[in-house]
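J.: One structure, pasted below without further comment.
The values are calculated or read from the model by the stated rules, or taken from the named source; none is laboratory data. Model, not experiment: these values are computed from the prediction. For neighbour counting, all protein chains shown are included, and Cβ atoms are generated from backbone atoms with ideal geometry for every residue, glycine included. In case anyone asks, the SASA skips ligands and DNA or RNA and just uses the protein heavy atoms, side chains included. Shrake-Rupley method; radii C 1.70, N 1.55, O 1.52, S 1.80 Å.
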Amino acid sequence: MELKLKLEQLHQRVNGLKDQILTEEATKTAFVMPFIQILGYDIFNPTEVIPEFIADIGTKKGEKVDFVIKRDNDPILIIECKSWKENADAHNSQLHRYYHVSKARFGVLTNGITYNFYTDLEKPNIMDEKPFFTINLDDLKDNSIKLLESFTKSGYNLESILDSAEALKYIKAIRKEFEKEIENPSDELVKLLVNRFFERPLTANRMITFKEYTKRALSISISESISSRLKSALVINDNIETEKTAVLTANIDQNTDVSKINTTEEELEAFQIVKAILREKISAERIAYRDTQSYFGILLDDNNRKPICRFHFGTSRKLLELFHNGKDSGERINLESLDEIYKYRNELHQTLEIYN
């Protein structure tokens, strides 16, 4: 808690001074040196904190690291600083060179606000391309502060940090891949899941269809899991407002009994056509659909208050409902074929303009 309080105080200092801090040197003095002090190191002791440490690289002589922190006379941390106006992610090649010639296991690249911590999990003595840990004064998180405690003078623990570094690195990588699969399921994931219950060959058209099914299934599963956790929390704490949970749960599929919905390949094909038209104006991530018992709706930002169009596909006819005159003024048009949807490109684009 003491470390968190000190970091919050530093954050207030940074916000109060940064408009007056115009150079990299000023950033080091006003922001980074206080951070090193918070970790418990004496910035006025040259055997503990060494500024402008010489790190000759091959034929390049006189190369200097902004700060090196030593413990028992061995370097444990090198710190390279940039101006607070610069992106802390943009200069790791310089830190990479310094790391290679130092004996420190950890490197930090900072702009005085964001601190990116690196190590050599992939290859010994070669700094990884990505940081394993980041602490941002604008967004302090308890788990980040807890790990930062391992870098303090009183709490430094090399083995603990390395164990945490490996866990953080690979958990982050797995999570990133999982989120990519949720947004756009890969052929490998679709085949892995579908081959467990679908015995016929997966043709190209079938793959497109099952990709949409997989994306929807993952979304529903996650939404229902969140809903279930919220309901459990309500049982534990009766003071939580039940209306909030009802709204969140309704977002899964408002006014819909999922078990009675049958999303057809024809509806998904129509969705792909509309999606292709809308991508001329917006990114694919903003285009969503929800199937209900009465219609198949396409939404902007998955928001029921932003309908783009709806399909009413019965056994005898196909209707396209447009909202270019407003979300409360739907206009239904008879379709002879799905290709006719392309005729209404202007109306679909006009609907987007209503919400932007």
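J.: Using a simple spin-label model with points 7 Å from Cα along the Cα→Cβ vector, what separation in nm is obtained for S160 and M207?
T.: Taking the two extended label points, one gets 4.9 nm.
J.: Further question: Extending each Cα 7 Å along its Cβ direction at T152 and I222, get the distance between those two points in nm, one decimal.
T.: It works out to 3.6 nm between the two label points.
J.: List the pair-distance distribution P(r) of the chain, using every Cα-Cα distance, as the percent of pairs falling in each 20 Å bin from 0 up to the bin containing the longest distance, rounded to whole percents.
T.: Spelled out bin by bin, the chain gives 22, 37, 33, 8, 0 percent.
J.: Could you tell me the center-to-center distance, by alpha carbons, between the stretch 179-201 and the stretch 295-328 in angstrom?
T.: Between the Cα centre of the stretch 179-201 and that of the stretch 295-328, the gap is 28 Å.
J.: Roughly speaking, what is the stretch gain from K6 to E181, that is 0.36 nm per residue apart minus the C-alpha to C-alpha distance, in nm to one decimal?
T.: Residue separation times 0.36 nm, minus the Cα-Cα distance, leaves 59.0 nm.
J.: Taking the Cα centre of the chain as the origin and placing charges on Cβ (Lys, Arg +1; Asp, Glu -1), which of F178, A284, A30 is farthest toward the positive end of the dipole?
T.: Going by the charge dipole, the pick is A284.
J.: Just to be sure I follow the definition: excluding the sites themselves, where is the longest run in the chain that has none of the chymotrypsin sites (Phe, Trp or Tyr not before Pro) in a DSSP loop with at most 14 other Cβ atoms within 10 Å?
T.: Looking at the chain, 199-356 is the longest stretch - no exposed chymotrypsin sites (Phe, Trp or Tyr not before Pro) with at most 14 other Cβ atoms within 10 Å.
J.: Something else: Pull out the extension gain between I145 and E353, defined as 0.36 nm times the separation in residues minus the alpha carbon to alpha carbon distance; nm, one decimal.
T.: 70.5 nm
J.: With r defined as the distance between the Cβ atoms of N15 and Q293 and R0 fixed at 45 Å, what FRET efficiency is calculated, to the nearest 0.05? Working shown, then result.
T.: Values: r = 52 Å, r/R0 = 1.16.
Result of the calculation: an efficiency of 0.30.
J.: Assigning unit charges at the beta carbon (Lys, Arg +1; Asp, Glu -1) and nothing else, what dipole magnitude in debye, to the nearest 20, does the chain show about its Cα centre? Mind dumping the intermediate values first?
T.: Numbers: 50 positive and 58 negative charges, 37 e Å.
Using only the charged Cβ atoms, the result is roughly 180 debye.
J.: Here's another thing I want to ask about it. Grab the Cα-Cα distance for E285 and T23, subtract it from 0.36 nm times how many residues apart they are, and report the gain in nm with one decimal.
T.: Details: separation 262, 0.36 × 262 = 94.32 nm, distance 3.92 nm.
Using 0.36 nm per residue and subtracting the Cα-Cα distance, I get 90.4 nm.
J.: First compute the accessible area of the stretch 284-356 with a 1.4 Å probe, then give the percent of it belonging to carbon and sulfur atoms. Don't skip to the answer; put the middle values down first.
T.: Numbers: 1440 of 3870 Å².
Here carbon and sulfur together make up 37 percent of the probe-accessible area.
J.: Then there's this: What longest range of the chain stays clear of loop-exposed GluC sites (Glu not before Pro) (DSSP non-H/G/I/E/B, at most 12 other C-beta within 10 angstrom)? Spell out each step's value before the answer.
T.: On the way: sites that count: E122, E129, E199, E241, E280, E336.
With GluC sites (Glu not before Pro) excluded where exposed in loops, the chain gives 1-121 as its longest stretch.
J.: For an R0 of 30 angstrom, estimate the FRET efficiency from the Cβ-Cβ distance between R196 and Q272 and round to the nearest 0.05. Can you show the working numbers first?
T.: Values: r = 25 Å, r/R0 = 0.84.
It comes out at approximately 0.75.
J.: With every protein chain left in place, what is the accessible area per residue of the chain in square angstrom, probe 1.4 Å?
T.: On the way: 20510 Å² over 356 residues.
Value for the chain: 58 Å² per residue.
J.: Count the net charge of all other residues whose Cβ sits under 14 Å from the Cβ of I43, scoring Lys and Arg as +1 and Asp and Glu as -1. Before the final figure, lay out each step's value.
T.: On the way: positive: K28, K70, K153; negative: D42, E48, E52, D66.
Residues close to I43 contribute a combined charge of -1.
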